[in-house]
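Enquirer: Just passing along the structure, written as structure tokens.
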Amino acid sequence: MSADLDTLLVCLQLTDSAFPSGLYTLSHGLEGFAQARAVDQEGLPGLLADLLRHSVGPADATALALAHRAAGEADWAAVAEVDRRLFASKLNREQRLAATRTGRQLLDTARLTLGGEALDAYAELIADRRAPGCHPVAAAVAYAAGRVPTEHAVASDLFAFAVSFVGAGLRLRLTDHRRAQRTLRETAPVIAEVTAAALERDLADLGGCVPVADVMAGHHERAHARLFAS
């Protein structure tokens, strides 16, 4: 098998909705918007694009790019610093819990399937409480262990976010299967744009600015009935 084909297969496996990271339990804030009647079927693609550009891109995707490079150089102090900065950028408890729970689940499965010193070293950071274990950083280390290039790693994880988001939309009856697939395809240029921007940021630039989404997440955390964990 060629190296390029192997890295493609790593990307496909890590972004598969069947990969047991727990992303299926998250709505990424969408349920909060739905509860507030602030999004409908027509507005869902625009909300996805806005979250990619102003939340996931500046925060999660940027952290993934930085941590991926650091892991490739075995700079575990830098990986831990990125992880802590990303955790601090998540403003409410629900988001922080979701990030670390799915991150640790991804890490456990990646150690079993991919293996390698990089994943073991990152697991040691978490065990020693030097890093919180946020999902994008765990994914970065997994992609690095699979020798996936940084650009492909960032784009793959952004696509995984988009799949998870529209999947939540399906369960919230904000879209249907055909519209969901059209949304994913139409979001491809946004993913390319957000990937390019994430690759250019430094650690000091890490963090999004989405006050309305943060408010919706806060309301969701206190909702009496919830389908999703976030």
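The values are calculated or read from the model by the stated rules, or taken from the named source; none is laboratory data. Keep in mind that this is a model prediction, so the values were computed, not measured. Here the Cβ is made from the backbone with ideal geometry for all residues, glycine too, and neighbour counts use every protein chain on show. Just so you know, the surface numbers come from the protein's heavy atoms only, side chains and all, with ligands and any DNA or RNA stripped out. Shrake-Rupley method; radii C 1.70, N 1.55, O 1.52, S 1.80 Å.
Enquirer: If G46 satisfies every condition in (1) in contact with a helix residue (DSSP H, G or I) (Cβ under 9 Å, 6 or more places away or on another chain); (2) surrounded by fewer than 24 Cβ atoms within 10 Å (Cβ to Cβ); (3) not acidic (D, E) but one, which is the exception?
Expert: (1)
Enquirer: Continuing with this model, one more query. Taking the stated definitions as given, is D60 modelled with pLDDT of 95 or more and surrounded by fewer than 18 Cβ atoms within 10 Å (Cβ to Cβ)?
Expert: So D60 does not fit the description; no.
Enquirer: Further, regarding this structure: Quick one: which residue in A74, A36 is open to solvent by 50 Å² or more (accessible area, probe 1.4 Å), touching a residue at least 24 places away in the same chain (Cβ under 8 Å), out of contact with any Leu (no Cβ under 8 Å at 6 or more places or on another chain) and over 20 Å from R130 (Cβ atoms)?
Expert: Working: A74 fails: over 20 Å from R130 (Cβ atoms).
On inspection, the qualifying residue turns out to be A36.
Enquirer: Just to check your reading of the model, which residue among R93, R111 is in contact (Cβ under 8 Å) with a residue 60 or more places away in the chain, at negative phi and open to solvent by 20 Å² or more (accessible area, probe 1.4 Å)?
Expert: Criteria check complete, one pass: R93.
Enquirer: I'd like to check which helices (runs of 4 or more DSSP H) are fully inside the range 19-119 and have at least 2 residues that are over 17 Å from F161 (Cα atoms).
Expert: Counting at least 2 such residues, we get 30-35, 62-72, 76-89, 93-113.
Enquirer: When only residues in the range 174-201 that are without any contact (Cβ under 8 Å) to a residue 24 or more places away in the chain and of a type in the set (D, E, K, R) count, which is least open to solvent (accessible area, probe 1.4 Å)?
Expert: Step by step, filter the range 174-201, then rank; the result is D176.
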